[in-house]
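What follows is a single structure, and I will ask about it in a moment.
Any read-out appearing in this document is the output of simple, stated calculations on the displayed coordinates, not a laboratory observation. As the structure is a prediction and not an experimental result, all values here were calculated from the model. Note: ideal-geometry Cβ built from the backbone for every residue, glycine included; neighbour counts use all protein chains shown.
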Amino acid sequence: MSMELIPGEEWRKVQDLEDRNNLPPDEEFVAAARTNIEKIRKSDLTLKFVDRHGQPLRGLHVDLQQTKHAFIFGCSAGPTFEAIEKNPAEAARAHNFVRLFNGTHAKCYWDEKWHQPIEKHQGRREMKQFLAELDWGCANGMAVRGHPLVWTVDKAIPQWLRKYPYEKQLEFLEHHVRALVASTDKRIRTWDMVNEMLWEPVLKNLAYRDWPHIEPIDEIADFIAPTIRWARDEDPTACYCLNEYGLEFTYTKMKNVTAPMQRQRFVELVDALRQRGAAPDAIGTQAHIGKWFPMALVARTFDDLAKAGVALHVSEFWAHHRDHPNLDGLSPDQLERDQATYVANYYTVAFGTPGVEQISHWGDDSFFKGNGWRTTHAYDAIYDLVKRQWWTRTRLTTDDAGVAKVRAFQGDYLYRIKAANGDTLSRNLRVEPEAATVLTVTV
């Protein structure tokens, strides 16, 4: 007996219609990305050390240790303090989580059965889980992503809202958006502003939903523009992202919708919002529907989305075992190793693409097993990239001018030096993207 399909989850029944034949090999794009990473993810760092008289300090040893990436490597499944206190396995998972990731999610569905809804019952706003996820993320130095502010599918719009006329519905939606953003005290740095708008109706047409529901771009922009303004009124410093799926593969023959068409519509939507003075700060590909993607299609997707002229996010990536393109005959260990290779290739191509600023993994089943006590091959592969290959830790020695130079991965650093009196001095610095960092330090 087949599972009943929930409106808004039609993607669970899609089939890959993309032609995988005659695509260049994955390694071609991975190799190009590795080369590009050296160019776009590192910046020049110059440190000059002088004494209190301004004289250069020659031959000074400087230990430089990266402490955080500027790029966000996130995962939606961060724990809470309450869950950690109740469950030793959750505490173990939290330890492994913090070792790898520098971003997590605080989930804030207006109504959704799988996660605590914010306002399933009118006027009874439930914020405990949302704020608990936010508190844990901030306490652990994570960049927290709020997901999502607006999502016009049946399962995410409270039933009580439907008894009101459309103009009144908009008033409730405005209150919901403003209240959520204001409640975080600017601790959320990225919001998934609107979810899946290219496949779903605008709010006023929700009762007539017919998936894939392809609205005119101007209709979508007219609906989204005020929601972005409401959010920015409450926090103009956050990044507001439009979050979408179905951009890599063509999945359905219905209504002649194709992946290239949706990518083009995404670019057109950003342009339409820009004309309305409400352009998003970023657009995101969920990158998780269908079989694992050939890297040629991953690169093509990034190239097409870059035409929108805003930052790119990988907003809900996953790599489930069931989506392996050639499952037959694979042992569990080989399947896990193939998964690790695919995830590492995807992360490398994304990190090697200019304009991509975040990768957020949706869920954590690719990374943890044994209820969090043990990590997977995929976790180990990404850890090797993020915390070893793409991580700067080095000892520098100043030249005759008291200068030490290095190309360093962008992010936060701690450096240590030993002064003439034998004291060890430690200070922090940041290597910014797309800019040289030059500091003069008096010892």
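Rounded to the nearest 0.05, what FRET efficiency do Lys168 and Asp63 have when you use their Cβ-Cβ distance and R0 = 56 Å? Numbers along the way, then the final one.
Values: r = 62 Å, r/R0 = 1.10.
For R0 = 56 Å, the calculated efficiency reads 0.35.
Of Glu82, Glu268, Glu133, which has the largest mean-square fluctuation in a 10 Å C-alpha GNM of the chain?
Between Glu82, Glu268, Glu133, it is Glu82 that shows the largest mean-square fluctuation.
Averaged over every viewing direction, what's the projected area of the C-alpha convex hull for the chain? Give it in nm², one decimal, please. Please list the in-between numbers first.
Numbers: hull surface 100.5 nm².
That works out to 25.1 nm², a quarter of the Cα hull's surface.
Between Val443 and Thr341, 0.36 nm times their residue separation minus their Cα-Cα distance comes to what? Mind dumping the intermediate values first?
Values: separation 102, 0.36 × 102 = 36.72 nm, distance 4.65 nm.
Extra length from Val443 to Thr341 when fully extended: 32.1 nm.
Still on this structure, I have one more. Structure shown: which of Lys168/Lys204; Lys107/Lys163; Lys42/Lys387 lie over 18 Å apart, alpha-carbon to alpha-carbon?
Lys107/Lys163
Please compute P(r) over all alpha-carbon pairs of region 75-146, binned at 5 Å starting from zero, and give each bin as a whole-number percent.
Cα pair-distance distribution for region 75-146, in percent: 3, 17, 26, 22, 16, 10, 4, 1, 0.
Still on this structure: Got a sec to turn the phi values of region 260-275 into Karplus ³J(HN,Hα) couplings, 6.51 cos²θ - 1.76 cosθ + 1.60 with θ = phi - 60°, whole Hz, x for Gly and Pro?
Coupling constants for region 260-275: x, 4, 5, 5, 5, 5, 4, 4, 5, 5, 4, 4, 5, 5, 4, 5 Hz.
Would you please state the base-10 log of I(q)/I(0) at q = 0.19, 0.20, 0.25 1/Å for region 371-443, with intensities from the Debye formula using one equal scatterer on every alpha carbon?
-0.92, -0.98, -1.29
Can you tell me the Rg and the Dmax, both Å, for the Cα atoms in region 205-264?
Gyration radius and largest Cα-Cα distance of region 205-264: 14.4, 41 Å.
While we're here: Have a look at Thr190, Thr398, Thr353 and tell me which one the Gaussian network model of the chain (Cα, springs below 10 Å) gives the largest fluctuation.
Thr398
Select from Val98, Val314, Val50 the residue whose mean-square fluctuation is largest in a Gaussian network model of the chain (Cα-Cα springs shorter than 10 Å).
Of the options given, Val50 has the highest mean-square fluctuation.
Any chance you could run the full-extension gain for Glu38 through Asp154? It's 0.36 nm times the residue separation minus the Cα-Cα distance, nm to one decimal. Each step should come with its number before you reach the end.
Numbers: separation 116, 0.36 × 116 = 41.76 nm, distance 4.52 nm.
Here the answer is 37.2 nm.
In Å and whole numbers, how far do the C-alpha atoms of region 4-118 stretch along each principal axis, longest first?
Extents along the principal axes: 76, 52, 27 Å.
While we're on this one: Report, in deg cm²/dmol and to the nearest 500, the calculated mean residue ellipticity at 222 nm for the chain, where each DSSP H run with n ≥ 4 adds -39500 (n - 2.57) and the sum is divided by the residue count. Don't jump to the answer; show the numbers that get you there.
Working: 10 runs with 138 residues, N = 443.
Rounded to the nearest 500, it is -10000 deg cm²/dmol.
Further question on the same structure: Over region 217-348, one equal point on each Cα, no solvent: what is log10 I(q)/I(0) by the Debye formula at q = 0.15, 0.16, 0.17, 0.22 Å⁻¹?
For the requested q values the scattering log ratios are -0.78, -0.85, -0.92, -1.28.
Follow-up. If I stretch the segment between Asp16 and Arg209 completely, what's the gain in nm (0.36 nm per residue apart, minus their alpha carbon distance), one decimal?
Details: separation 193, 0.36 × 193 = 69.48 nm, distance 2.34 nm.
Difference between extended and current length: 67.1 nm.
Can I ask one more? Starting from the Cα of Asn87, step 7 Å along the direction of its Cβ; do the same at Ala419; then give the gap between the two resulting points in nm.
The modelled label-to-label distance comes out at 4.9 nm.
Per residue, what volume in Å³ does the convex hull of the Cα atoms of region 148-281 enclose?
Spread over its residues, the Cα hull of region 148-281 gives 106 Å³ apiece.
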